[in-house]
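What follows is one structure encoded as structure tokens, with my remarks underneath.
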2 protein chains.
Amino acid sequence: MELITWVIPIAGIAAVAFALYLARDVLSRDKGPQAMQDVADTIREGADAFVKRQYTTIGMLALVGAVIIGVVIALVETRDVADVPDLAGVPIGIMTAVAFLVGAACSMASGIIGMYISVRSNVRTAAAAQRSLVEAVQVAMRGGAVSGFLVVALSLLGVWGIFMAYQAVIADITVREAPFLIVGFGFGASFVALFAQLGGGIYTKAADVGSDLVGKVEAGIPEDDPRNAGVVADLVGDNVGDCAGRGADLFESTAAENIGAMILGVAVFALATANNWPNPELWIFFPLVIRGFGLLATIVSMFFIRGSETENPMNILNRGYWVTTILSIGGLAFTTYVMMDTGGQLPTSGIPPWVWFFGAGVVGLATSVAFVYITQYYTAGTFRPVREIAEASKTGPATNIISGTAVGFETTAVTAITIGIALIASHWLGEQAFAGIEGARNGGIFGTAVATMGMLMTTAYILAMDTFGPITDNAGGVAEFSRAEAGAREITDRLDAVGNTTKALTKGYAIASASLAAFLLFSAYIDKVNLILGNQIANGTRAAGTLLESVNLADVNVFVAALIGAMLVYFFSSLAIRAVGTTAQSIIVEVRRQFREMPGIMDYTQRPDYARVVDITTRAALRQMVAPGLVAVATPIGVGLLLGHQAVAGMLMVGTIAGVLLATTLNNGGGAWDNAKKYIESGNLKDDEGNVIGKGTPAHAAAVVGDTVGDPFKDTAGPSLHVLVKLLATITLVLAPLFIR
Amino acid sequence: MELITWVIPIAGIAAVAFALYLARDVLSRDKGPQAMQDVADTIREGADAFVKRQYTTIGMLALVGAVIIGVVIALVETRDVADVPDLAGVPIGIMTAVAFLVGAACSMASGIIGMYISVRSNVRTAAAAQRSLVEAVQVAMRGGAVSGFLVVALSLLGVWGIFMAYQAVIADITVREAPFLIVGFGFGASFVALFAQLGGGIYTKAADVGSDLVGKVEAGIPEDDPRNAGVVADLVGDNVGDCAGRGADLFESTAAENIGAMILGVAVFALATANNWPNPELWIFFPLVIRGFGLLATIVSMFFIRGSETENPMNILNRGYWVTTILSIGGLAFTTYVMMDTGGQLPTSGIPPWVWFFGAGVVGLATSVAFVYITQYYTAGTFRPVREIAEASKTGPATNIISGTAVGFETTAVTAITIGIALIASHWLGEQAFAGIEGARNGGIFGTAVATMGMLMTTAYILAMDTFGPITDNAGGVAEFSRAEAGAREITDRLDAVGNTTKALTKGYAIASASLAAFLLFSAYIDKVNLILGNQIANGTRAAGTLLESVNLADVNVFVAALIGAMLVYFFSSLAIRAVGTTAQSIIVEVRRQFREMPGIMDYTQRPDYARVVDITTRAALRQMVAPGLVAVATPIGVGLLLGHQAVAGMLMVGTIAGVLLATTLNNGGGAWDNAKKYIESGNLKDDEGNVIGKGTPAHAAAVVGDTVGDPFKDTAGPSLHVLVKLLATITLVLAPLFIR
């Protein structure tokens, strides 16, 4: 093992240790007065119940999935199609199934531990808010960082561990074959992420919409009022959606994209071997090392989360983000310099390859920064889009919805252009890196992989900011519920507003990384298909010259598969959105029943049965996540079996494009509606004479409609689409042998 | 000229003559009492004003466009890239510009004449409704058929005329080169269609939304109340959107798809010549002859539009549709048998090619029937989707919108699957037709072209049914306005409900034909690019083996172009939807001013200034159509210049997929919202105890919100997307030489 690759286990273990240190630090803090603790306990119990039931369901689904995948792979990966012919049949089946289970288990573990801390950080943040803004920020951010570090570290250690284990245990596997054997890990992670995000997304928005409708609209009591039996479910929902759901989403990103980049590294490994460059295997380990440096940078940045009491809390968080970014650039420069050694051989430009790839990595980091600002422009009240929606609310809910839809659609423009520029730029930089070097083909594609890796260096920090969202949201709920003093509530309100921004940023980041990574995952799929086809040609079971050289959209099968892929995105979203409606209905029925049968609730003499609503929501959400989940898994398999391996590639690519754009529309449209409502509530909307049109006006009611419509868009369907897009990639990567024709 | 090709001019002229006969018949009918005539005159004046201003604007834009295209083509089509090298430079530039202008002029002429009759048929339908249901149906359907016949006949005669003229005047052009020279005709038609549909769509929905908001919501007076100054603009809008807009849309379909199919016919012509089949040029004329038979079938079907007074009027229209379909099948069988003569040479199956292609044509006709039923399922109140939305209205506007969005998304599934099956089936049938015949390559693609031609045989009838919509809608308005007796209003209400269905059907038909045709238009683009590349290779200005053999999505430029193409669909829709909002705002301001400054309006002592609202709406709509129009034209050109000819093909294909799916979502979602409102108004929604929840309830108000939201979706953005998709195809076909790299 080369010296620099030790960074992988060291950074991984350091990050886990640091997460434990942060967890201990948070748990040791003051939990505030008993009233706060009571509320927090109720939320915690609800979250625990959900987590237990959800992960039991997902665990069982994953076990069934692992067995099916193992059997299918054992049957399909016969000697003439297997990527590692010596292990054809049962051994590859078992190895894929084990990798799948390890991936699923790591994803579940990081989700469960993250949730464990998140639902314990909320009350401590509320307690800290009684004393100091900065302390409250620190508690919430440290609580969030536990999730962030665990997700990234477990994905890194998981990929690295199973890679090393397979190499060590089965001597036949060389470093160039191992990446193909661990794709099951990525699929396992996708599989868990799909259900975690769907179940969490359905739960959180059904609880939100359902309890709002039955409380605010029907019973006429305020939002977050303790008399509403659905309110605790709503607070629980923030955690299961944003913390557990998004955590699983980004766990999957880091895992799948690492493996995809390693597969592309295999092609460079071959080039390096042919040209006698030193340490050719470093090209395969590069993605993991880069991730290790990203983790180290994030650990350092945690110490920069400090500021003054009067400062905008967003600035405090931004400080840490910029520290992470700048340290990441340094880590990127060092890693590319050390690992991309071509033994003095230079491309036609005369500039060493590592410089070009360093540039590609910077493109990735810059894309991440760009998305932070794009998301802010479209979803913050200081800019045109949100104001436009708020203005449109003056003429009622219909114009509010029309305007928000127009904004949502519009956001695809700058998103697509940014991604397009990033892809073309990093591809061009990669091409330059190997231009003129004999036998080099894949420089451009490896350039996009390096850009993706660069972008993902800051994942742990982004995820910490994301989980900051539900923690502060919950802290606000705890303060409201326990009737805490005004000062504390003012601080939690400020943090909550910041949390809304960070949650939106994370979605932008997730979608951008998914689209950048998409190109690398397609290429990994094509590499894998060609490995199989090459084996078949070598064995004489296939005619020469039939490698997959292009994914030809002008072929009718490819075109139809592409059409089906784009359709899947809509159909899946339809199922996810409808699931929220159905689940919300069961909450409404239950809360109505409690109002009717427990008359003491209204005058505070009787405590509503919060746990029962949590339980009903949990069951309903888990039942509802099955249909979209199965559609997502079954469609690519069906298309692959019917239309073949080239068509599946077309489906994957066009499905990704459609998914990225629809998710962007849903996420940003939903975010803009939410903030248009907040814009009006903050008294920023005025009539022609300059009078404030605020809370309680018809315009505000119209904006509430938009906010409610946006909820399932931005927190259920949109984030689930991120996962769908990556699931398409991992499922086709794992099941490629099944589709060969 | 072969005997059978005489069908083209004969059918075209017969259809024009028949349209004139129908027009005379309609105009000679009773115009009813003076009160009706007064209202109708106001609508007619408004429509005339809009048509005059709109077509003046479009005409000027088209002139500018023709000059630019002529100059660009003259500059770019140098000898080594021109599809007809002997005419390189200025001659090709002039010919393309002239074809563009003829296409634009034919489209404008059919739009103007269709509108002329449509706004004169409404009052006659209202008058007929005082006497008889069947007579009213006949008047409205004959008025609509004038548009239908003119659109199809002028497109047929235009393509054929310019084709024959170029062949006759410039002796250098052979039958195999001419189709490439007339692509400008299709582009001219697309160009006019884009602005006609955008301008009409913005106008109609801005008038609808604006006058509803200011009348119903603000002033509290009923819909279509004569005191609302915006009501006449609303009635005018029905004509300019559905009649002129959809007419231009389908004019373009028939023109562009004819030309595309003729270009594909050139490849078969070469095959036929090589194999010494009799009359090889018939393969090129086939699309036009088929269209001629479709027109003849539609003329016959007009005599079957009869029935009893107590019958559902939809059955009367369906009778004519089925007559057209059955006669078309006969025409298809005859034409394929006569024109697809392979001189006894048979494919491996032993079944003559014409049988296989006849099968492909039947697939096209079957697709058209399938879409009629699919649209009905998703937008009619008798089925699950509309009921689901109506149920969701019980919990307010937010759940109504969420539910409608889920339904809209869901409709993409069956749409995509039907199109996929039609494409694969017709491609397979086409492959069988030439399987085993020496030198045959393009059977499959020609099969999809024949399917498209089969589907488009019924266009004239479908378009007649579509224009039936605004005529009966207007007839209802005229009856309401002139306070006609109850019997007449009951009949117009029944016809209006049928008109809503036929308008929805036409959109389904238009989108299905666009998607089926998409594949043929891509193939025509690839053929044209390869003609140019082939010339370059022959001239030695290009390396051998660099033909465009595939559109490779795994190429980074193609992928980015595909991403931009899919994004364009959203961005364009965003601009179109926002344009409706902006235009509606100017109506609201003006109607409010009239209420304020003319106090006599409210007690009927003062007549509102309808004409001024019409004028303001016209100006605003035409101003607002420019931005989306320019974006639609500029994006493919920009992408082509930056990323090259292969990337443009990717943009075209993925943009088509994205456009078809988004248009389906918007059209069907909008239609379902509309009918959910009608479902509630008809007293079909009940509470748990079985009491009717009807007009005036909160659920009804919620459904009205959904209906208003759906308006710009289904009548502005959705239909404009049909045109955008086809514009992408014609613009790339015409400007292909510009993108070669």
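The values are calculated or read from the model by the stated rules, or taken from the named source; none is laboratory data. Source: prediction; values computed, not measured. Positions of Cβ are generated from backbone atoms using ideal geometry, with glycine treated the same way; all protein chains shown enter the neighbour counts. Protein only, heavy atoms only, side chains kept; ligands, DNA and RNA dropped before computing areas. Shrake-Rupley method; radii C 1.70, N 1.55, O 1.52, S 1.80 Å.
See the values below:
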{"read-out": "Where only C-alpha atoms are counted, convex hull volume of the protein assembly as shown per residue in Å³", "value": "163"}
{"read-out": "Under Karplus coefficients 6.51, -1.76 and 1.60, residue-wise ³J(HN,Hα) of the range B:605-619 in Hz, glycine/proline x", "value": "7, 10, 8, x, 8, 4, 4, 5, 5, 4, 5, 4, 4, 4, 4"}
{"read-out": "Buried accessible area, chains B and A (both chains, 1.4 Å probe, Å² to nearest 100)", "value": "5600"}
{"read-out": "23 Å tail of the calculated P(r), the range A:184-301, as % of Cα pairs", "value": "55"}
{"read-out": "Threshold 20 Å² - residues in the range A:400-416 whose accessible area is reduced by that much or more when the chain is no longer isolated, probe 1.4 Å", "value": "A:Ile401, A:Ile402, A:Thr405, A:Ala406, A:Phe409, A:Glu410, A:Thr412, A:Ala413, A:Ala416"}
{"read-out": "Ranked packing of A:546-558, B:405-417, most packed first, by mean Cβ within 10 Å", "value": "B:405-417, A:546-558"}
{"read-out": "Relative contact order computed over the range A:74-149 (Cα-Cα under 8 Å; 6+ residues apart), in percent", "value": "22"}
{"read-out": "In Hz, Karplus ³J(HN,Hα) per residue of the range A:133-144 (6.51, -1.76, 1.60; θ = phi - 60°; x = Gly, Pro)", "value": "5, 4, 4, 5, 4, 5, 4, 5, 6, 5, x, x"}
{"read-out": "Interface residues in the range B:540-565 - accessible area drops by 20 Å² or more relative to the isolated chain, probe 1.4 Å", "value": "B:Ser550, B:Val551, B:Asn552, B:Leu553, B:Ala554, B:Val556, B:Phe559, B:Val560, B:Leu563, B:Ile564"}
{"read-out": "Delta accessible area of at least 20 Å² on complex formation, residues of the range B:200-216, 1.4 Å probe, chain isolated as reference", "value": "B:Leu213"}
{"read-out": "Chain A: relative contact order in percent, alpha carbon pairs under 8 Å with at least 6 residues between", "value": "21"}
{"read-out": "Residue-averaged beta-carbon neighbours from other chains (10 angstrom radius) around A:645-658", "value": "4"}
{"read-out": "Nearest-20 debye value, the range B:1-156 charge dipole, Cβ charges on Lys, Arg, Asp, Glu", "value": "640"}
{"read-out": "Dipole moment magnitude, nearest 20 debye, the range A:585-724 about Cα centre, only Lys, Arg, Asp, Glu C-beta charged", "value": "420"}
{"read-out": "Inter-copy separations for A:Asp25, label at 7 Å along Cα-Cβ, nm, ascending", "value": "8.6"}
{"read-out": "Reduced Cα scattering model of chain B, Debye log10 I(q)/I(0), q = 0.06, 0.07, 0.11 Å⁻¹", "value": "-0.34, -0.46, -1.12"}
{"read-out": "Angle between chain A longest axis and helix A:353-379 axis [Cα atoms, degrees, rounded to 10]", "value": "20"}
{"read-out": "Cα-based Rg / Dmax (Å) for the range B:97-231", "value": "21.0, 69"}
{"read-out": "In sequence order, calculated HN-Hα J values of the range B:58-68 (Karplus, 6.51, -1.76, 1.60; Hz; x Gly/Pro)", "value": "4, x, 5, 4, 5, 4, 4, x, 4, 4, 4"}
{"read-out": "0 to 90° range, to nearest 10: angle between helix A:246-274 axis and chain A longest Cα axis", "value": "20"}
{"read-out": "Other copies of A:Arg741: label-to-label distances in nm, shortest first, labels 7 Å along the beta-carbon direction", "value": "3.4"}
{"read-out": "Under-5 Å amide H pairs with B:Glu77, H placed in peptide plane, nonlocal only", "value": "B:Gly89"}
{"read-out": "Relative contact order for the range B:315-472, counting Cα pairs under 8 Å that sit 6 or more residues apart, in percent", "value": "34"}
{"read-out": "Label point 7 Å beyond Cα along the C-beta direction, distances from B:Gly343 to other copies (nm, shortest first)", "value": "6.4"}
{"read-out": "Accessible area (Å², per residue) of the protein assembly as shown, counting only protein heavy atoms and a probe of 1.4 Å", "value": "30"}
{"read-out": "Rounded percent of accessible protein surface that carbon and sulfur make up, chain A, 1.4 Å probe", "value": "61"}
{"read-out": "Ordering of B:692-704, A:657-669 by packing [mean C-beta count within 10 Å, highest first]", "value": "A:657-669, B:692-704"}
{"read-out": "Assigned charges on the beta-carbon of Lys, Arg, Asp, Glu; the protein assembly as shown dipole about Cα centre (debye)", "value": "100"}
{"read-out": "Mean residue ellipticity (222 nm) of the protein assembly as shown, computed from DSSP H runs ≥ 4 via -39,500 (n - 2.57), nearest 500", "value": "-27500 deg cm²/dmol"}
{"read-out": "Of A:Lys677/A:Lys726; A:Lys503/A:Lys726; A:Lys507/A:Lys678; A:Lys216/B:Lys216, pairs whose Cα-Cα distance is over 31 Å", "value": "A:Lys677/A:Lys726"}
{"read-out": "Compactness of the range B:1-150 as Cα Rg over 2.2 N^0.38 Å, two decimals", "value": "1.45"}
{"read-out": "Residue-averaged beta-carbon neighbours from other chains (10 angstrom radius) around A:711-719", "value": "1"}
